[in-house]
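Okay, structure first, notes after.
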Amino acid sequence: MDELASVDGTIGPAAEATIPVTDDGLLRGDGVFEVARLYAGRPFAWDEHVERLKRSAANLRLEFDLDAALAEVDALLARAGAVDGTLRLVITRGGRRIAVVAPLPAHTPAVALATIRYAPTRVLDGVKSLSYAANMLASRLAREAGADEALLVTPHGRVLEAPTSAFFYVLDGELHTPPLAEHILDSITRRHVVALTGATERVLHCDQVGELEEAFLASTTREVQPVSAIDGRPLPATPGPRTAAAAEALRRRIEQSVGVSSPRA
Ligand SMILES: Cc1ncc(COP(=O)(O)O)c(C=O)c1O
């Protein structure tokens with residue numbers, strides 16, 4: 001599948017799309033973005049992504065033409081056709097509206113995590129900003145430690161999320177997820193999984209990860225992805241029954257919403 005991009009409404013191959021090098025979106029990571037997953041060309045939960053984009057931009061004091069951005073996305077999707085992949089919408093401080101349709105990133109059936117210390121930037125609460133270098137570095141450090149992905153924990157050892165996904169875990173037979181009050185992203189997939197499974201917010205300390213019965217990551221591109229190990233310690237079940245049930249429930253919701261049978265992640 002060819003990557004297609006729209007920059008302020010001009011559509012073409014993504015590799016040839018350009019923006020000015022002086023854009024602070026590029027120079028300072030000053031901007032906001034969303035990524036939705038496309039199932040046969042239809043974005044899942046697009047309205048929720050648009051709402052979050054509006055909130056992110058308002059919190060970052062970033063004004064942009066929402067109607068133009070949405071019309072440009074419609075035109076890009078019409079051009080892309082019935083693809084399975086991702087739709088990224090980026091608004092930069094320099095005033096660029098960038099939409100990209102790209103293939104789905106490769107995800108393995110399960111992931112091993114390594115804990116990485118991380119302090120969320122309080123001032124960016126409620127902003128899905130372009131400043132992702134810390135998240136990308138955390139993933140790289142986790143891979144250097146022999147894992148597949150990072151599990152971010154605060155300097156006091158409280159578990160947060162992964163660099164681009166929410167974290168769920170089973171402890172004492174119950175499904176939980178770290179609280180939003182820990183300054184993690186209000187993930188759209190997390191919201192759906194919470195609504196579908198009844199998972200509740202509960203603080204998890206990294207000393208407790210040896211007691212976990214199951215764990216999984218949840219995100220737009222991963223849907224539900226089982227966790228096989230944390231810091232080299234295997235989890236008892238991959239996927240465990242609660243993870244498999246969450247994956248199935250989310251898949252059904254997606255299929256009902258987009259009206260097509262979705263391919264496996
Ligand atoms: C830090 C972080 N947490 C969680 C998620 C998952 O969010 P969503 O379910 O909205 O894709 C993402 C997505 O990129 C993220 O960047």
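The values are calculated or read from the model by the stated rules, or taken from the named source; none is laboratory data. Given the structure is predicted, the values throughout are model-derived calculations rather than measurements. Every residue, glycine as well, gets a Cβ built from its backbone with ideal geometry; the counts of neighbours run over all protein chains shown. Please note that ligands, DNA and RNA were not included when accessible areas were found on the heavy atoms of the full protein model with its side chains. Shrake-Rupley method; radii C 1.70, N 1.55, O 1.52, S 1.80 Å.
Which ³J(HN,Hα) values, rounded to whole Hz and listed in residue order, are derived for the stretch 163-180 from phi using the Karplus coefficients 6.51, -1.76 and 1.60 in 6.51 cos²θ - 1.76 cosθ + 1.60 with θ = phi - 60°, glycine and proline given as x?
Coupling constants for the stretch 163-180: x, 9, 7, 7, 10, 10, 8, 10, 9, 6, x, 10, 8, 9, 8, x, x, 4 Hz.
Quick one: among Leu151, Leu27, Leu204, which has the greatest mean-square fluctuation in a GNM of the chain with alpha-carbon springs under 10 angstrom?
In this elastic network of the chain, the residue with the biggest mean-square fluctuation among Leu151, Leu27, Leu204 is Leu27.
With unit charges on the beta carbons (Lys and Arg positive, Asp and Glu negative) and the dipole taken about the Cα centre of the stretch 182-265, which residue among Thr197, Gly259, Val224 sits farthest to the positive side?
Gly259
By how many nm would the segment from Thr121 to Gln208 lengthen if fully extended, with 0.36 nm per residue of separation less the alpha-carbon distance? The partial results should precede the final answer.
Values: separation 87, 0.36 × 87 = 31.32 nm, distance 2.47 nm.
Fully extending the segment from Thr121 to Gln208 adds 28.8 nm.
Along the Cα-to-Cβ line of Ala237, 7 Å from the Cα, sits a label point; which residues in the stretch 202-221 have backbone N less than 15 Å from it?
Those under the cut-off are 212-216.
Pairs of alpha-carbon atoms within less than 8 angstrom and 6+ residues apart define the contacts here; what relative contact order does the chain have, in percent?
That works out to 19 percent.
With only Lys, Arg, Asp and Glu charged, each at its Cβ (+1 for the first two, -1 for the last two), find how big the charge dipole of the chain is about the Cα centre; round to the nearest 20 debye.
60
So, R0 is 22 Å and r is the distance between the beta-carbons of Leu196 and Glu174; what FRET efficiency does that work out to, to 0.05? Mind dumping the intermediate values first?
Numbers: r = 15 Å, r/R0 = 0.69.
The computed FRET efficiency comes out at 0.90.
Return the distance in nm (one decimal) between the two label points of a simple spin-label model at His156 and Glu3, each offset 7 Å from Cα along Cα→Cβ.
Using points 7 Å along Cα→Cβ, the separation is 4.0 nm.
With a probe of 1.4 Å, find how much accessible area the stretch 99-166 has per residue, and write the answer as a whole number in Å².
I get 47 Å² per residue for this part.
Round to a whole number: what % of the accessible area of the chain belongs to carbon and sulfur, probe 1.4 Å?
52
What is the Rg over Rh value, at two decimals, for the chain, using alpha-carbon atoms and the Kirkwood definition of Rh? Kindly include the intermediate steps, with their values, before the conclusion.
Values: Rg = 18.4 Å, Rh = 19.1 Å.
For the chain, the value is 0.96.
Tabulate in residue order the Karplus-calculated ³J(HN,Hα) for the stretch 46-57, using 6.51 cos²θ - 1.76 cosθ + 1.60 with θ = phi - 60°, rounded to whole Hz; enter x for Gly and Pro.
Going residue by residue, I get 4, 4, 5, 5, 5, 4, 5, 4, 4, 5, 4, 5 Hz, with x marking Gly and Pro.
Only four residue types carry charge here, +1 at the Cβ of Lys and Arg and -1 at the Cβ of Asp and Glu. Report the dipole size of the stretch 58-109 about the Cα centre in Debye, rounded to the nearest 20.
The dipole of the stretch 58-109 has a size of about 240 debye.
Could you give the nm distance between label points at Glu51 and Arg252, where each point is 7 Å from its Cα heading toward the beta carbon?
With each label point 7 Å from Cα toward Cβ, the separation is 2.3 nm.
Using protein chains only and a probe of 1.4 angstrom, how many square angstrom of Met136 are accessible, to the nearest 10?
Surface accessible to solvent at Met136 totals approximately 80 Å².
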